[in-house]
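Before any comments, here is the structure.
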Amino acid sequence: MSKTPQNVSIGKLPLHVAMIMDGNGRWALSRGLPRIAGHKAGTENLRRVIRATVEFGIKYLTIYAFSTENWGRPPEEVKGLMYILEDVIDRELKELHDEGVQLRHIGRLERLAPTLQKKVLDAIEVTKTNDRLILNIAFNYGGRDEIVQAIQRIIKDGVSPDNITDELVNQYLYTKGVPDPDLIIRTSGELRVSNFLIWQAAYSEWYVTPTYWPDFDKEEYRRALETFAGRDRRYGKVSSNEYEASSA
Ligand code: IPE
Ligand code: IPE
Ligand code: MG
């Protein structure tokens, strides 16, 4: 892998990119394959996307791999998705570690098999001092669940209502210490949040593409970054250009 960031033509890079990796099932269906084959192809693509993220010089990547609602899928598919996470850790950890990727998990580990929980925790431990890319894996993650457990812990800690601020809530989220996502990419065209980072996405920019996740390649990733670079992020204010023009 190239060690030089290849972001020269992209302009302003997001610090944090988050991805809803959607469309594996439809990708498989369109080829007459079982859904799990789509998840396997999606996982192969994830390797390429992680590599591209490092090459672009992006610092934080959060990927939505399994939602709290995905437990409602057929048991065979759920089992397959669990197996894929295990397999990815087994096969990719060394290379990710060598590339300076720090793995983190957001969501609840409790419901996963003990052996899988241990693998995730070991991978986090092994990579904890890496700083080239922080890779948050949202697995058994739900935005509402994250907020509910934050409220529970805030109350348990006896925080007085007057001290509850944006910053304090941030400290109680799984993403504590991670900047909000600047850009959220959703593949396969659905125009919805699906319970992903609902607090953190307050001012994220969105890029939605009809491309199914297994086909989302580096060229399209680059286009998403170029689109982001051209956005005017106003945060409820007026554009800085307009402001300067009107006060001149
Ligand atoms: C995304 O692909 C992967 C997960 C949600 C785990 P899907 O499995 O949702 O694929 P579609 O949306 O059914 O095509
Ligand atoms: C979102 O995709 C969850 C992940 C990508 C892990 P879904 O396929 O579960 O979302 P919906 O059901 O289309 O909203
Ligand atoms: Mg889907």
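Quick notes
- Total residues in region 184-215, condition touching a helix residue (DSSP H, G or I) at 6+ places or on another chain (Cβ under 8 Å) and in a strand (DSSP E or B): 6
- Taken over region 22-43, the criterion of being in a helix (DSSP H, G or I) and among the hydroxyl-bearing types (S, T, Y) is satisfied by T43 alone.
- Output for region 30-43, where each listed residue is buried (at least 20 other Cβ atoms within 10 Å of the Cβ) and of a type in the set (V, I, T): T43
- Which listed residue, of L61, L46, is part of a helix (DSSP H, G or I), under 21 Å from S194 (Cα atoms) and either open to solvent by 70 Å² or more (accessible area, probe 1.4 Å) or at pLDDT 95 or above (or both): L46
- Criterion applied to Y221, Y174, Y141, Y207 was being of a type in the set (F, W, Y), within 19 Å of Y60 (Cα to Cα) and away from ligand 2 (no atom under 16 Å from the Cβ), and the one residue passing it is Y221.
- Tallying residues that are touching a helix residue (DSSP H, G or I) at 6+ places or on another chain (Cβ under 7 Å) and away from ligand 3 (no atom under 16 Å from the Cβ) within region 68-95 yields 7.
- Leading residue by the ranking (least open to solvent (accessible area, probe 1.4 Å)) among those in region 216-243 that are assigned to a helix (DSSP H, G or I), in contact (Cβ under 8 Å) with a residue 12 or more places away in the chain and among the charged types (D, E, K, R): R222
- Tally, over region 64-73, of residues that are surrounded by fewer than 18 Cβ atoms within 10 Å (Cβ to Cβ) and either under 14 Å from L135 (Cβ atoms) or of a type in the set (D, E, K, R) (or both): 2
- Any hit, region 182-192, residues being within 16 Å of ligand 2 (Cβ to nearest atom), free of Cβ contacts under 8 Å to residues at least 60 places away in the same chain and surrounded by 17 or more Cβ atoms within 10 Å (Cβ to Cβ): no
- Residue check, K79 closer than 26 Å to V49 by Cα, open to solvent by 50 Å² or more (accessible area, probe 1.4 Å) and over 20 Å from the mean Cα position of the chain (by Cα): yes
- Pairs linking a residue in region 25-37 that is touching a residue at least 40 places away in the same chain (Cβ under 8 Å) to a residue that is part of a loop (DSSP other than H, G, I, E, B) and near ligand 1 (Cβ under 9 Å from one of its atoms), with Cβ atoms under 9 Å and 6 or more positions apart or on different chains, are R26/S188; R26/Y212; W27/S188; W27/Y212; S30/Y212; R35/R73.
The values are calculated or read from the model by the stated rules, or taken from the named source; none is laboratory data. Note that the coordinates shown come from a computational prediction; the quantities given were computed from them, not determined experimentally. Reconstructed Cβ throughout: ideal geometry from the backbone, glycine too, with neighbour counts over all protein chains shown. Accessible surface areas use protein heavy atoms only, side chains included; no ligands, DNA or RNA. Shrake-Rupley method; radii C 1.70, N 1.55, O 1.52, S 1.80 Å.
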